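Reading through the structure tokens given below for one structure.
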Amino acid sequence: MFGRLTWGAIPFHEPIPLITSIVIILALGAVGIWITRKGWWPYLWNEYITSTDHKKIGVMYIVLALVMLVRGFADAIMMRAQQSLAIGASQGYLPPEHYNQIFSAHGTIMIFFVAMPFVIGFMNFVVPLQLGVRDVAFPTMNNVSFWLSASGALLINLSLFIGEFARTGWLAFPPLSEKAFSPGVGVDYYLVALQISGVGTVLTAVNFVTTILKTRAPGMSYLRMPVFCWTALASNLIMLAAFPVLTVVLAELMLDRYLGFHFFTNDGGGNSMLYMNLIWVWGHPEVYILVLPAFGIYSEVAATFSGKPLFGYRSMVFATMAICIISYMVWLHHFFTMGAGGDINAVFGIASMIIGIPTGVKIYNWLFTMYGGRVRFTVPVYYLIGFMLTFVVGGLTGVLLAIPPVDFVVHNSLFLVAHFHQVIIGGVVFALMAGYTYWFPKAFGFTLDERLGKAVFWCWFIGFHLAFMPLYVLGFWGATRRMQHISDPSWAPWLNVAFVGAAIIGLGIVLTVVQLLYSIKTRDQRRDITGDPWDGRTLEWLTLSPPPHYNFAVLPDVHGEEAYWTRKQTAIKQDQLIDEPDYQPIEMPVNTPTGVIVAFFAALCGFAVIWYIWWLAILGLIGAFAIFVWYAWRDENEHIIPVEEVRANARERRRIRMEHLHNLSQST
Amino acid sequence: MSTISETPALGLTHLGSEDTGLGHRGPESKSIVVPYGFWLFVLSDMVLFSALFASYATLVNNSDGGPTTSQLFHRDLVAVETIALLISSFVCGLAMITAKRKNMVWTQIWLVVTGLLGLVFLGIELYEFGTMIAEGAGPQRSAFLSSFFTLVGCHGAHVTAGLLWLGTMMAQIWAKGFQPHIMRRLLCFSVFWHALDIIWVAIFTIVYLIGTLP
């Protein structure tokens with residue numbers, strides 16, 4: 001009846017997961033009761049959970065990412081604590097099998113359930129606004145994608161309470177992840193959670209490539225799209241081509257584990273190198289899926305806060321697409337040491353170094369955008385500068401690792417760990433924090449507190465360097481990754497510095513929450529009435545903050561590279577707006593619970609598969625198919641916003657903008 | 001208020017005088033966007049199959065002392081299978097033509113024939129799988145057979161999903177008629193069905209023809 005699921009799966013005998021479980025369940029219960037008492041469920045259901053509005057979905061993605069960031073960081077600080085405690089005679093506080101689960105969960109969560117939803121959240125929120133359209137190409141599918149990602153996150157978190165997580169590292173390499181060596185449910189949690197969220201990611205990619213290539217405001221030709229849209233396009237193209245490979249390789253491992261197939265086993269002719277190749281055909285492009293939109297955010301921030309158009313726009317576009325293509329030619333550098341031979345290693349080593357060239361082009365473009373500009377040192381600009389300093393060093397250590405003989409020396413050492421954290425934190429996380437600050441007022445109508453924002457930046461910046469520079473040193477000395485116990489006491493000072501660094505990053509995460517709460521509390525003083533708090537250049541700043549559901553009363557007419565900037569300058573010069581357009585009723589997609597129900601059945605089915613509860617798995621599949629057919633059967637997919645409402649809102653908006661522009665034209 | 005719109009240099013109304021290349025018209029209609037998005041999905045499916053082909057190519061010689069390709073595959077059976085699938089694609093095209101003419105009876109007839117041919121294909125495939133498993137050449141026997149069953153079985157799973165979709169489409173056309181959104185779905189279905197043909201041609205060549213070379 002319940003397959004492998006017994007009372008033994010609940011960690012009664014392990015204090016750390018048990019206490020964590022109880023605390024989390026109590027916290028969730030408290031939040032649930034609070035929402036119920038405030039009577040907010042209908043609001044949440046109608047405005048967020050069932051919403052097809054790309055802005056709401058974007059916000060939900062980012063909330064998911066922030067929540068999972070706390071989880072992933074908890075894993076990180078536990079690892080650092082263990083490594084600075086378990087030196088010499090001491091064994092630390094974590095048993096080895098628990099430590100192995102923690103580093104696997106940390107990597108999996110940070111990439112799949114923090115970085116990915118954060119990046120996709122920004123693409124959701126920003127891309128349709130920047131393109132000057134009303135929504136993504138497939139709004140309902142967008143909602144489905146989000147809820148599938150959330151199901152994956154739910155299953156990963158569930159492994160903390162029921163059963164265990166994989167002890168195989170974040171990519172679950174066979175033969176360790178095969179049934180013979182990992183008989184428990186940990187690897188199955190990993191596989192099922194990633195398959196479910198991976199389906200959501202492929203749907204997202206379809207959605208955004210279509211949105212960017214087929215739905216843009218009139219006049220928005222390719223070379224007028226903001227750089228963030230270009231990077232989002234490149235990122236989604238990579239997703240579209242890379243995620244199916246992940247699906248295949250995880251499915252093959254599942255077949256091995258569930259049905260006794262022999263893809264990657266030691267016996268039966270299986271070949272575990274096939275897994276390495278396929279997972280990295282997905283895995284290395286994944287890095288660029290994350291970092292390209294981050295580059296897009298830096299580009300928007302650099303141009304806006306320097307008060308100048310982005311330097312070398314076309315070279316930026318070209319560099320983005322070059323990275324998009326070259327990202328497929330570097331995967332083999334992940335196993336230089338596994339005997340591919342000198343020629344192949346050389347080809348992939350050179351490809352891995354070449355990809356640094358378009359990246360370098362971008363760095364120069366950002367520098368020259370700031371050079372000669374009137375730079376405003378806001379929080380996003382702090383992150384931009386911090387990023388350029390940090391990322392260049394991370395890029396250089398990457399070029400170092402791309403040299404096969406060097407890689408032979410430092411592979412699988414802490415040097416490598418330091419390198420990829422440097423590019424991911426310095427490249428992606430800094431951008432996400434910059435974007436969070438930059439677009440927050442657009443989403444909620446008030447800005448975040450600058451002083452606390454700068455404090456958060458310094459925590460990340462200093463904390464990162466303290467946490468990872470020692471790892472470069474230790475890596476050179478031969479410290480390998482994934483160590484649960486350190487036998488050389490002379491490494492202790494470096495590991496202690498690394499722990500302090502992690503603690504400072506933790507302070508930054510706490511301050512992020514404080515900043516959010518403080519900013520909400522003082523929101524009346526920090527309202528963004530104009531819709532354009534930063535004197536922006538792209539179309540998202542044309543509309544209100546927060547924008548109406550339909551974004552624009554009429555689709556903006558685009559002339560020139562900086563759609564909004566040109567418009568704004570003309571209006572300031574002439575001290576008037578363009579003629580009032582002919583407003584039309586607007587057709588918008590209706591809300592639908594399809595996404596959340598499909599995701600519920602997917603999670604149910606996934607849980608059943610993990611625990612071998614086959615009847616429940618079949619029930620979940622039937623449920624998902626039934627809701628699908630039910631959705632397909634409806635006729636009412638759109639509702640009409642009457643022209644009177646559109647006109648009234650737009651007139652009010654024009655009045656506010658006129659006032660604002662008039663003030664601006666007086667001051668210049 | 002009219003001064004700005006009269007200034008062509010600032011060009012704040014879009015009259016098509018500017019050459020902006022693709023995208024000057026604004027968002028495309030649903031009849032473009034929906035098939036385009038579906039076509040992208042089909043491309044991602046092609047990537048999925050290419051990973052399965054890569055697995056097969058890697059493992060095809062790893063038969064672990066078990067049966068090999070030429071001992072297992074029969075060209076005659078696969079030829080019948082292939083013809084059934086290719087004709088079903090042609091018939092699916094006929095269904096599309098009759099659907100465009102809003103001819104309910106013939107649309108349903110052609111869709112039924114499409115589905116029946118799909119069932120014939122699937123039946124032969126299941127027969128082949130069954131025979132192989134009965135002979136002790138199941139997917140657990142060797143890495144080669146694991147990759148064979150996964151590649152061909154994944155295509156078969158797609159055909160099965162296509163048949164489920166086909167049944168749903170027939171019911172929808174029957175109940176709702178040839179409405180624009182139903183027609184878009186029918187177009188997507190036919191794109192899917194043709195794509196399965198393309199993948200089958202690759203399987204037929206790489207697995208069966210090369211596998212039975214003397």
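Per residue, the accessible area of chain B comes to 46 Å² when a 1.4 Å probe rolls over the protein heavy atoms. Remark: accessible area buried at the B-A interface is about 4500 Å², both chains counted, probe radius 1.4 Å. Computed on the stretch B:72-214, the Cα convex hull volume stands at 98 Å³ per residue.
For A:F446, the residues whose amide H sits under 5 Å from its own are A:D528, ignoring neighbours fewer than 5 places away on the same chain, with H placed 1.01 Å from N. Using the 1.4 Å probe convention, the accessible area of chain A works out to 38 Å² per residue with neighbouring protein chains retained. On the beta carbon distance between B:L86 and A:D635, with R0 = 56 Å, the FRET formula returns roughly 0.95. With all pairs of different C-alpha atoms in the average, the Kirkwood value for the hydrodynamic radius of the stretch A:326-401 is 14.4 Å. Between the helical axis of A:96-108 and the longest alpha-carbon principal axis of chain A there is an angle of about 30 degrees.
With the simple spin-label model, which puts each label point 7 Å out from Cα in the Cβ direction, the B:L119 to A:M658 separation comes to 6.9 nm.
Modelling each spin label as a point 7 Å along the Cα-to-Cβ direction, I'd like the B:A134/A:T337 distance in nm, to one decimal. For the pair B:A134/A:T337, the computed spacing is 5.2 nm.
For the segment A:396-406, counting C-beta atoms of other chains within 10 Å of every residue's C-beta and taking the mean gives 0.
Comparing the full protein assembly with the isolated chain (1.4 Å probe, heavy atoms, ligands and nucleic acids excluded), the residues of the stretch B:29-51 losing at least 10 square angstrom of accessible area are B:K30, B:I32, B:V33, B:V34, B:Y36, B:G37, B:L40, B:F41, B:S44, B:V47, B:L48, B:A51. Ligands, DNA and RNA left out, the accessible area of chain B computed with a 1.4 Å probe is 70% carbon and sulfur.
In this structure, the amide hydrogen of A:I586, modeled 1.01 Å from its nitrogen in the peptide plane, lies closer than 5 angstrom to those of A:I641, counting only residues at least 5 positions away or on a different chain.
Which value, to two decimals, describes the C-alpha radius of gyration of chain A once divided by 2.2 N^0.38 Å? Show your work: numbers first, answer last.
Working: Rg = 25.2 Å, N = 668, 2.2 N^0.38 = 26.1 Å.
So chain A has a normalised radius of gyration of 0.97.
In the context of the full protein assembly, A:R523 retains an accessible surface of approximately 90 Å², using a probe radius of 1.4 Å and ignoring ligands and nucleic acids.
Note on the protein assembly as shown: dipole from Cβ charges, positive end direction compared against A:P642, B:F148, A:L28; the farthest Cα belongs to A:P642.
Counted residue by residue at 0.36 nm each, then reduced by the alpha carbon distance between them, the extension gain from A:F625 to A:V67 reaches 197.9 nm.
Assigning unit charges at the beta carbon (Lys, Arg +1; Asp, Glu -1) and nothing else, what dipole magnitude in debye, to the nearest 20, does the protein assembly as shown show about its Cα centre? That gives the protein assembly as shown a dipole magnitude of about 1480 debye. If only the Cβ of Lys and Arg carry +1 and only the Cβ of Asp and Glu carry -1, the dipole of the stretch B:72-214 around its Cα centre is close to 760 debye. Put a dot 7 Å past the Cα of A:V409, heading toward its Cβ, do the same for A:I529, and the two dots end up 6.3 nm apart.
How high is the FRET efficiency between B:V201 and A:W45 when r is their beta carbon distance and R₀ equals 30 Å, given to the nearest 0.05?
0.05
Give the calculated FRET efficiency between A:F161 and A:V473 to the nearest 0.05, with a Förster radius of 30 Å applied to their Cβ-Cβ distance. Plugging the Cβ-Cβ distance into 1/(1 + (r/R0)^6) gives 0.20. Counting only other chain Cβ atoms within 10 Å of each residue's Cβ, the peptide B:53-60 averages 4.
Per-residue SASA remark: A:T36, around 80 Å² accessible (1.4 Å probe; ligands, DNA and RNA not included).
Ordering A:S327, A:L432, A:P95 by the projection of their Cα atoms onto the charge dipole of chain A, which places +1 on the Cβ of Lys and Arg and -1 on the Cβ of Asp and Glu, puts A:L432 at the extreme positive end.
Helix-only arithmetic for chain A: the sum of -39500 (n - 2.57) across DSSP H runs with n ≥ 4, divided by the residue total, places the mean residue ellipticity at 222 nm at -22500 deg cm²/dmol. The separation of the stretch B:52-119 from the stretch B:176-214, counted between C-alpha centres, amounts to 8 Å. Note on chain B: helix-only mean residue ellipticity at 222 nm, from DSSP H runs of 4+ residues weighted -39500 (n - 2.57) and normalised by residue number, equals -24500 deg cm²/dmol. The stretch A:197-255 and the stretch A:319-390 have their alpha-carbon centroids 20 Å apart.
Pairs spanning more than 30 Å between alpha-carbon atoms, out of A:K568/B:K30; A:K55/B:K30; A:K56/A:K214; A:K308/A:K442: A:K568/B:K30. Normalised radius of gyration (Cα atoms, divided by 2.2 N^0.38 Å) for the stretch A:586-652: 1.73. A dipole drawn for the protein assembly as shown from +1 and -1 charges on Cβ atoms has a positive end, and of A:L400, A:S159, A:S299 the residue lying farthest that way is A:S299.
Inter-chain neighbour count for A:566-575: the average number of beta-carbon atoms from partner chains within 10 Å of each residue's beta-carbon is 2.
Separation of the stretch A:445-488 from the stretch A:646-668 is 45 Å, based on Cα centroids. Rolled with a 1.4 Å probe across the full set of protein chains, the surface gives A:I509 an accessible area near 20 Å². Protein heavy-atom surface of the stretch A:519-558, 1.4 angstrom probe: 55% of the accessible area is carbon and sulfur, with nucleic acids and ligands not counted. The angle between the Cα long axis of helix A:614-633 and the longest principal axis of the Cα atoms of chain A comes to about 20 degrees, rounded to the nearest 10. Couplings 3J(HN,Hα) of the stretch A:199-209, computed from phi: 4, x, 5, 4, 4, 4, 4, 4, 4, 7, 4 Hz, in residue order, whole Hz [Karplus 6.51 cos²θ - 1.76 cosθ + 1.60, θ = phi - 60°; x for Gly and Pro]. Once the Cα atoms of helix A:342-354 and of chain A are each reduced to a long axis, what angle between those two axes, in degrees from 0 to 90 to the nearest 10, is obtained? Taking Cα atoms only, the helix is inclined about 30 degrees.
The values are calculated or read from the model by the stated rules, or taken from the named source; none is laboratory data. Note that the structure is predicted; figures quoted are calculated from it, not measured. Please note: Cβ atoms are built from the backbone with ideal geometry, for glycine as well, and neighbour counts cover all protein chains shown. Surface areas here come from the heavy atoms of the whole protein model, side chains and all, with no ligands, DNA or RNA. Shrake-Rupley method; radii C 1.70, N 1.55, O 1.52, S 1.80 Å.
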